[in-house]
Amino acid sequence: MELLANLGTGFSVALTLPNLLYCFSGVLLGTLIGVLPGIGPVPTIAMLLPITYALPPVSALIMLAGIYYGAQYGGSTTAILVNLPGEASSVVTCLDGYQMARQGRAGTALAVAAIGSFIAGTFATLLVAAFAPPLAEVALKFGPAEYFSLMVLGLIAAVVLASGSLVKAIGMIVLGLLLGIIGTDVNSGLQRYSFGIPELSDGIGFVVVAMGLFGFAEIIINLENTEKREVFTNKVSGIWIKWKDLKEALPAMLRGTGIGSVLGILPGGGALLGAFASYTVEKKIAKDPSRFGKGAIQGVAGPEAANNAGAQTSFIPLLTLGIPPNAVMALMVGAMTIHSIQPGPQVMTNNPQLFWGLIVSMWIGNVMLVVLNLPLIGIWVKLLQVPYRLLYPAILLFCCIGVYSLQNNVFDVLMTAGFGLLGWIFVKLECEPAPLLLGFILGPMMEENLRRALLLSRGDFTVFATRPISAVMLGIAIIMLIVIVAPSIRKKREEAFHE
Amino acid sequence: MKPATVLAAVLLAASFAMPTAAQMPAWPTKPLRLVVPFPPAGATDILGRTLAQKLSEALGQPVVVENKPGAGGAIGSDMVAKAAPDGYTLLIATTSTHSIGPSLNPKLAYNAEKDFVPVVWVANSTNILVAAPNLPVTNTAELVAYAKANPGKINYGSSGNGTIVHLTAELFGSMAGIRMTHVPYKGTALVMPDLMSGQVSILFDNIVSAMPSVKGGKVKALGISGAKRSPLVPDLPTIAESGVPGFVSDTYFGVFVPAGTPPDIVLRLNRDINRILESTEFRDKLAVLGAEPVGGTPEKFAAEIRTETAKWSKVIKDAGVKLE
Amino acid sequence: MAFVRSPKDFWAGVLFIVFGLLAILIAREYPLGTAARMGPGYFPRGLGILMIALGSILTLRALRISGTKIHFGSPKPLLIVLGSVIMFALAAPKLGLVVATVLLILASSTADKEYRWKESVIASVILAMFTIAAFSWGLKLQLPIWPAFLG
């Protein structure tokens, strides 16, 4: 059994004391970084790169990888506790996780996130270990046409994210699409909606938008409604998870794991789609979808499992094809380059200790995350009981520093303030920000891939239907559209009938 | 003694102790910063950090790297253009910021020629031409022949409109007499999957990034874009040797300081960096990045910048590449 | 406005229409291209039109179907929170992290009804120390610690 032999090699590398320490420090640092709003794995790894240059390559990678998925988990902590998504995928956790915290169930939400992430991480690591090369081949089947169809599917699913008015949700998605267009157009080099400001030529950062719309707006609204706030800081029911809750959450975790693992393989943003997709699936198959957005435990369990699974499987394109699927991986490629290691198809054969050592340490890192974070839940929950008047200025401070650290530019902080204002307006008008964020992420990718697909097919539109994977996804998208819109139309007809 | 006499004596003594105007404090007396106008872990950043570390040792003061990414290097470059010319702010930049940027973007905030003083040409890096595995060609000449026989079939990926990857391909096309369709992406790494699956025909990529895929058999290497063969793949001919005579495309990496920096500081930096370029340790690091050390006088660097600027501005005009 | 039955939907619709108009207006110079070879202006214009359409539906609906009123509290939290963030952003590069942090904490704390100035001062000092330790020293954040004129 070659797999066992390989895993054995991996364990022998990963279980050395120095590497265990590097793994632990990476995971710990990553969690803390993820908890601090704004500062995500990208600026952290960037700031720590000089240190990793001095370490032996395997250790450096183990630590960087630890930071990466440690930060994924830490981002969920802030999403649940203070409605601040540190990472793209944590946005979804905000929706129900924060609501659970407001109902005094922060401990349960955090525990569900930790356990779900662990289950997902274990499964995904096995997937990477056993099926990396064939999965990479699947990823290669995805060209621009397939990505476009996937994004269309994702956007239609985004409508499901909203609990309120359909028209408003679609409007928010479209607005998100427009905001995402700001910046340089890949296909023509033209600067769109950037008003000649160089800082806007690369577009607005996701963290900036999310921090403003979710974080700042939430703080301002909380400060306005002083009476309602007392409720959740005082009522915290237990820091552990009840068996009943776990049973409810488990199926969602397993589904999320599957969804996240598959979507994480796709280079070019597959991982964060996982969390959104999982939320959509959970809401659609739930017996009572109206619970979502008000503290449904599946709304935390599924997406959390999905985004951790995606984080692990996103190593596949990196390790097998040498293609970094996101900014964090690109940094790791840089770290590998410095140590004269070229990630790519031969890493598995030329450098088996590196490959398998890294994979095994990914699993060990997941174990450490659970061991580290479950007890921490108690501390976090205690933190929630700090009087809000002392808590929120600190949150503001960390947000400002976090946003600044992304590109070392104060312009980003100013923009976050602008989005804070916009977020406040949205709350007043009862427009939900989550669909906007999804549109913001998917929009530019969708347009880019649409135009690229047409460029490659020389203007032939049928390419979307003739390429099998693309055709299947568009088919599902159309079906979803009908399923979503039909009940709404029926409701409108009834309303009109009654008037 | 009378107080006035004491005061006069003290003042007299003090005036001898104070340094005269001609005698400046020796530079450097505080940490320097090296601005890298690109995100961390990219080639320029790694090069910059290695250089900064060695330069700190040579100068006796820390050289701190500051990443100021955005707008293809323009934001960081602009910051240095407007920084105080006191010798404490350095910039490490490339062909993109100082030879291509100005021709491409008439509204560029800085003037590449007037706002900077070139210090030294640190390194040169070159690209590799790779092709999809299902393309029935094995070298550059065959590619050109295939393209001429099948007009409109060849397309090329790039890391964006106006990048050196794009312009290199345009130059190639015009010198080889073939027309190709440009398919821009957000980075050469993102072109790879489509190149491997054959949807994109060719790509000019950084040698170090492309080598794993070449060695793994996922893409075919056709030629080197530089003037000389690369030590990383000594068997691979240059494009000039194998199909398009006279074709050269390289990227320079160099250090700049803001215009107005005292010439003796510029010379001192030039001397120290040249010395660093001779150390085997630094040369090894450069080799890992697929770059070769160059060195030389500031004038040599300035001449290269001028040549490259003229060359790429012609390519941009001929190909009609516009950002707006 | 007596004829507006649902103010939230009405103003949301207006907001959408305004964004849609802005989108089309700013993008009017961008080349359109064709459906098969889309220029950079194609997508934005389409989205702008869609936004105007959606906004119109919302505003028209708001005239018929009633909804809850918009609740406006005191403008103090909005102005103070955003103001202190902007102040931090402008102050940090020139005055250093320590000063900017202290200013941010002191200023933003005043937005809360239960503001107590002594707590604010202590919090600002502690947080400034933590910031320097964790971010400047620990993570090598690229911001000056002390004001520029102190070198």
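Here is how the numbers come out for the structure above:
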{"item": "Hits in segment A:344-389 (condition: of a type in the set (S, T, N, Q) and either away from every other protein chain (no Cβ under 14 Å) or over 30 Å from B:A210 (Cβ atoms) (or both))", "result": "A:Q353, A:S361, A:N366, A:N373, A:Q385"}
{"item": "Residues (open to solvent by 20 Å² or more (accessible area, probe 1.4 Å) and within 7 Å of chain C (Cβ to nearest Cβ)) located in segment A:429-442", "result": "A:E430"}
{"item": "Pairs, first more than 30 Å from A:I204 (Cα to Cα) and surrounded by fewer than 22 Cβ atoms within 10 Å (Cβ to Cβ) in segment B:55-75, second of a type in the set (D, E) and modelled with pLDDT of 90 or more, C-beta under 6 Å, six or more apart", "result": "B:A58/B:D272"}
{"item": "Check on A:I182, at pLDDT 80 or above, away from chain B (no Cβ under 13 Å) and surrounded by fewer than 23 Cβ atoms within 10 Å (Cβ to Cβ)", "result": "yes"}
{"item": "Output for segment B:1-37, where each listed residue is out of contact with any strand residue (DSSP E or B) (no Cβ under 7 Å at 6 or more places or on another chain), open to solvent by less than 80 Å² (accessible area, probe 1.4 Å) and at pLDDT 85 or above", "result": "B:P28"}
{"item": "Residues (buried (at least 23 other Cβ atoms within 10 Å of the Cβ) and under 30 Å from A:S165 (Cα atoms)) located in segment A:293-344", "result": "A:A296, A:I297, A:Q298, A:G299, A:V300, A:A301, A:G302, A:P303, A:E304, A:A305, A:A306, A:N307"}
{"item": "Subset of segment A:324-343 [more than 8 Å from chain B (Cβ to nearest Cβ) and outside any helix (DSSP H, G or I)]", "result": "A:P325, A:N326, A:H339, A:I341"}
{"item": "Pairs with Cβ under 6 Å, 6+ apart, first in segment A:206-222 and surrounded by 23 or more Cβ atoms within 10 Å (Cβ to Cβ), second among the polar types (S, T, N, Q)", "result": "A:V208/A:T416; A:M211/A:T416; A:G212/A:T416; A:F214/A:N83"}
{"item": "Qualifying residues in segment A:185-202 (those that are open to solvent by less than 30 Å² (accessible area, probe 1.4 Å) and out of contact with any helix residue (DSSP H, G or I) (no Cβ under 7 Å at 6 or more places or on another chain)) - the one farthest from the other protein chains (Cβ to nearest Cβ)", "result": "A:L200"}
{"item": "Sole exception among (1) modelled with pLDDT of 90 or more; (2) within 14 Å of chain A (Cβ to nearest Cβ) for B:I46, by number", "result": "(1)"}
{"item": "Single match in B:L190, B:L195, B:L267, B:L203 (criterion: open to solvent by 20 Å² or more (accessible area, probe 1.4 Å), closer than 23 Å to A:F142 by Cα and among the hydrophobic types (A, V, I, L, M, F, W, C))", "result": "B:L190"}
{"item": "B:T97 being part of a helix (DSSP H, G or I), within 14 Å of chain A (Cβ to nearest Cβ), more than 25 Å from A:D412 (Cα to Cα) and in contact (Cβ under 8 Å) with a residue 60 or more places away in the chain", "result": "no"}
{"item": "Matching option when the condition is within 14 Å of chain A (Cβ to nearest Cβ), more than 23 Å from A:G189 (Cα to Cα) and modelled with pLDDT of 90 or more, among B:A147, B:A132", "result": "B:A132"}
{"item": "Residues being exposed (fewer than 14 other Cβ atoms within 10 Å of the Cβ) and under 21 Å from A:Y388 (Cα atoms) - total across segment C:130-144", "result": "0"}
{"item": "Within segment A:370-391, considering residues that are under 30 Å from A:V128 (Cβ atoms) and open to solvent by less than 10 Å² (accessible area, probe 1.4 Å), the one farthest from the chain's Cα centre (by Cα)", "result": "A:I377"}
{"item": "Residue that is surrounded by the fewest Cβ atoms within 10 Å (Cβ to Cβ) [pool: residues in segment B:152-175 that are under 17 Å from B:T94 (Cα atoms) and among the β-branched types (V, I, T)]", "result": "B:T163"}
{"item": "Residues (open to solvent by less than 30 Å² (accessible area, probe 1.4 Å) and among the aliphatic types (A, V, I, L, M)) located in segment A:392-421", "result": "A:A394, A:I395, A:L396, A:L397, A:I401, A:V403, A:V413, A:A417"}
{"item": "Qualifying helices (runs of 4 or more DSSP H) (wholly inside segment A:40-148; at least 1 residues being within 30 Å of A:F461 (Cα to Cα))", "result": "A:106-140"}
{"item": "Odd one out for B:E113, checked against (1) within 20 Å of B:P298 (Cα to Cα); (2) in a loop (DSSP other than H, G, I, E, B); (3) modelled with pLDDT of 90 or more", "result": "(3)"}
{"item": "Segments classed as helices (runs of 4 or more DSSP H), wholly inside segment C:32-151, with at least 3 members that are within 30 Å of A:L455 (Cβ to Cβ) and more than 7 Å from chain A (Cβ to nearest Cβ)", "result": "C:42-62"}
{"item": "Considering residues of segment A:445-463 that are touching an Asp or Glu at 6+ places or on another chain (Cβ under 9 Å) and more than 7 Å from every other protein chain (Cβ to nearest Cβ) only, the residue farthest from A:F276 (Cα to Cα)", "result": "A:A453"}
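The values are calculated or read from the model by the stated rules, or taken from the named source; none is laboratory data. Note that the structure is a prediction, hence the values are computed from the model and not measured. Every residue, glycine among them, receives a Cβ derived from its backbone with ideal geometry; neighbour counts consider all protein chains shown. Remember, those area values only see protein heavy atoms, side chains included, never the ligands or the DNA or RNA. Shrake-Rupley method; radii C 1.70, N 1.55, O 1.52, S 1.80 Å.
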